[in-house]
1. Short version: ³J(HN,Hα) in whole Hz for each residue of region 75-89, in order, from phi by Karplus 6.51 cos²θ - 1.76 cosθ + 1.60 (θ = phi - 60°), x for Gly and Pro, what are they?
2. Taking a spot 7 Å from the Cα of LEU16 along the direction of its beta carbon, which residues of region 93-121 have an amide N less than 16 Å from it?
3. Roughly how many nanometres apart are two label points built 7 Å out from the Cα toward the Cβ at ARG128 and ASP66?
4. Can you give me the relative contact order of region 69-170 as a percent, contacts being Cα pairs under 8 Å and 6 or more apart?
Amino acid sequence: MGMPDAGRQAALTTGLLAGCMAAGGLDAMVAAVAVRAISEGLHALTQVAWLWVAMLGTPIFGRIGDLLGRKHLLVLGIGLVALGKVVAGLAPSMAVLAVGRGVDGTGWGLVWPTIYALLQQSVPPSRRGRYIVFPSAAGFLGSLLAPALGGMLTGATSILGLPGGRWTFLSQVPPYINTVGLA
């Protein structure tokens, strides 16, 4: 027969959260590859440090998740990540790019702790060890694949009229929209 409802829910939740972690691993590394090219294109190579400082603004949102509900927090976080990607990908200046990365970083500050809180909430203690490995492995896999993807995108002269490096941000938006739809 089929999986019991609790098992199906745990598997679905774990799959969704693993997708988020893969995107997070991909995000960090793919941007690292493209930042220099994007900064040169904006004639702002001396301001590149602001992109990383903006991403450090990721406070701990665990208590907010307790108050508002973790699913809402996850959806809000993913929405902020996607918005930050669009702002960064279309930024006309380094200042706007840094703002986009800041919005993105705040979104990840919501997403990362919420992923593990949702796993704790939805998977029975006796099975958590088995389920928690999937999002962690997915994040690792995303980190492994990202440099190659970032290099390919950054090496492209132009994709749909935008410099290839911009697509390191913009190419990530559709999966985030799909994830919000599944949540």
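1. Along region 75-89, the couplings run 5, 4, x, 5, x, 5, 4, 4, 4, x, 5, 5, 4, 5, x Hz.
2. Answer for region 93-121: 111-121.
3. 1.5
4. Relative contact order for region 69-170 comes out at 27 percent.
Bear in mind that the values in this text are calculations on the coordinates, not laboratory data. Keep in mind the model is a prediction, meaning the values are calculated, not measured. Cβ coordinates were reconstructed from backbone atoms using ideal geometry, including for glycine residues, and neighbour counts include every protein chain displayed.
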